[in-house]
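Novice: The following block contains the structure, expressed as structure tokens.
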Amino acid sequence: MTSRWAQLASQIADGTQVASGSKVSIFLTDPDAMPAVEAFVDEVYRRGGIPQVLLTDERFDRSAVAFALAETLATPAPLEVSSMLWADVHVSFRSMAVPVPGPVDAERLALQRRGKGEVSALRWQQTRWALVRVPTPGWAALIGVDYDDLLDEFFAGCIDDWATKRGAWETLAAELGASDTVRILSPDTDLTLPVGGRTWVVFAGEANLPDGELATAPLETGVHGHITFPGLFWFAGSEIEGLRLEFTDGVVTGVSAQRGEALVRELLATDPGASRVGELGIGTNAAVRTVTGDLLIDEKILGTVHIALGRAYPQCGGTNESSLHWDIVKDLRAPGCHLYVGDRALIADGVADPVLAG
């Protein structure tokens, strides 16, 4: 186990270009991620960097939503902001913390996400960054899977021959760049996203771990149709189930959900850009197979597609601005599910084209 954490730490340091003199901001969201943080701190020191670890434990988020002044909720955490402005590199080790049961004020939670979104924007504006979603025994028990199996999938999805796969994915990304539209089609979904003139970007082991996706930014005013996310997943520690979104001229015009609808509506009202699609992503990691309900992991699964409401990545050519960037994953690994980029079926009747796996 120690050797696997050390190997992962080395890969993260390579991906974020940690070198002598690098100022490295590290967030730890839960003690369960401590082995990963310890290994990474060791690696940063070995390379001559300056690591600074900040405990940003997510259990305190719920306390803030319950008791903080509204002004405090909406304000970016000052130490987190200072950390981003100080650092050359930022790495956030985000444990899969089991949500605390009980009602949450959706309006106040959405208000808190505004402040967090500003910190996230600073991360990608100011630093070379990586986010690491670390499995925990508690989350494995929550979703009814074996923890050791989940951890094995995590490491397999993080530690890979990314350089070789990047070459294959960049070739595919260049080909997709000539297409004008993406269509997601299944028995409960028919969504068209215009992408003409936008750039497809490869994520291959540098920024999100587990990693593996192709992403672009749809044209801001052209998304049309509907998409359904039938399963249960979590965002900001809150349950959302059976989510259905309808789009007209790029804007969400209809929302329904079996659970969490009030939160979704509050998130969409965060700012003018929150109700538009900032990102379209395609999962390409064949080693990650288990749907966990955690979006940062599930979006990498080969055979899935995801949209992000809110902020677009500028490197894709997107212009949508928002303090929200919320990835929502749709599993297309079932009969009757398709993903078309132009005339090309990258997922056909639930089966992913082998080219996606690199």
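Novice: From the list R46, R123, R62, which one is under 22 Å from the mean Cα position of the chain (by Cα) and over 15 Å from G237 (Cβ atoms)? I'd like the intermediate steps shown before the answer.
Specialist: Numbers: R46 fails: under 22 Å from the mean Cα position of the chain (by Cα); R62 fails: over 15 Å from G237 (Cβ atoms).
The conditions single out R123.
Novice: Any residue that is closer than 26 Å to G138 by Cβ, modelled with pLDDT of 95 or more and outside any loop (DSSP other than H, G, I, E, B) - is there at least one of those in the range 266-281?
Specialist: Restricting attention to the range 266-281, the residues satisfying the condition of being closer than 26 Å to G138 by Cβ are 267.
From what's left, modelled with pLDDT of 95 or more: none.
Checked the range 266-281: no residue is closer than 26 Å to G138 by Cβ, modelled with pLDDT of 95 or more and outside any loop (DSSP other than H, G, I, E, B).
This table checks each residue for (1) of a type outside the set (S, T, Y); (2) part of a strand (DSSP E or B).
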{"residue": "T290", "(1), (2)": "no, no"}
{"residue": "S323", "(1), (2)": "no, no"}
{"residue": "D327", "(1), (2)": "yes, yes"}
{"residue": "A334", "(1), (2)": "yes, no"}
{"residue": "Y340", "(1), (2)": "no, yes"}
{"residue": "V355", "(1), (2)": "yes, no"}
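Novice: Restricting attention to helices (runs of 4 or more DSSP H) lying wholly within the range 1-104, give those where 2 or more residues are modelled with pLDDT of 95 or more and surrounded by 15 or more Cβ atoms within 10 Å (Cβ to Cβ). Lay out the reasoning, then the answer.
Specialist: Numbers: elements: 2-15, 34-46, 59-67, 70-74, 78-86.
In the range 1-104, the matching helices (runs of 4 or more DSSP H) lie at 2-15, 34-46, 78-86.
Novice: Can you tell me which of A64, A110, A77 is within 18 Å of I240 (Cα to Cα) and among the small types (G, A, S)?
Specialist: Working: A64 fails: within 18 Å of I240 (Cα to Cα); A77 fails: within 18 Å of I240 (Cα to Cα).
That would be A110, the only listed residue that is within 18 Å of I240 (Cα to Cα) and among the small types (G, A, S).
Novice: Confirm whether G281 is surrounded by fewer than 18 Cβ atoms within 10 Å (Cβ to Cβ), not acidic (D, E) and not assigned by TED's automatic domain parsing to the domain that holds V65.
Specialist: Working: surrounded by fewer than 18 Cβ atoms within 10 Å (Cβ to Cβ): no; not acidic (D, E): yes; not assigned by TED's automatic domain parsing to the domain that holds V65: yes.
So G281 does not fit the description; no.
Novice: Among the residues of the range 71-102, count how many are polar (S, T, N, Q) and either in the same structural domain as R259 (by TED's automatic domain parsing) or touching a residue at least 24 places away in the same chain (Cβ under 8 Å) (or both). Don't jump to the end; show me each part of the working.
Specialist: Taking the range 71-102 first, the residues polar (S, T, N, Q) are 72, 75, 82-83, 92, 95.
With the extra rule that they be either in the same structural domain as R259 (by TED's automatic domain parsing) or touching a residue at least 24 places away in the same chain (Cβ under 8 Å) (or both), the set shrinks to 75, 83, 92, 95.
The qualifying residues number 4.
Novice: Same structure again: Residues in the range 224-272 that are in contact with a helix residue (DSSP H, G or I) (Cβ under 6 Å, 6 or more places away or on another chain) and of a type in the set (D, E): how many?
Specialist: Residues in the range 224-272 being in contact with a helix residue (DSSP H, G or I) (Cβ under 6 Å, 6 or more places away or on another chain) and of a type in the set (D, E): 1 in total.
To keep it simple, each residue is scored yes or no on (1) in contact with a Pro (Cβ under 7 Å, 6 or more places away or on another chain); (2) modelled with pLDDT under 95.
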residue: T164; (1), (2): no, yes
residue: P210; (1), (2): no, no
residue: L214; (1), (2): no, no
residue: L219; (1), (2): yes, no
residue: F229; (1), (2): no, no
residue: G237; (1), (2): yes, yes
residue: T253; (1), (2): no, no
residue: A257; (1), (2): no, no
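Novice: OK, next. Going by the conditions given, is E107 assigned to a helix (DSSP H, G or I) and either among the small types (G, A, S) or assigned by TED's automatic domain parsing to the domain that holds S22 (or both)?
Specialist: Working: assigned to a helix (DSSP H, G or I): yes; either among the small types (G, A, S) or assigned by TED's automatic domain parsing to the domain that holds S22 (or both): yes.
It is true that E107 is assigned to a helix (DSSP H, G or I) and either among the small types (G, A, S) or assigned by TED's automatic domain parsing to the domain that holds S22 (or both).
The values are calculated or read from the model by the stated rules, or taken from the named source; none is laboratory data. Keep in mind that this is a model prediction, so the values were computed, not measured. Quick reminder, even Gly has a Cβ in these numbers, built from the backbone with ideal geometry, and neighbours come from all protein chains shown.
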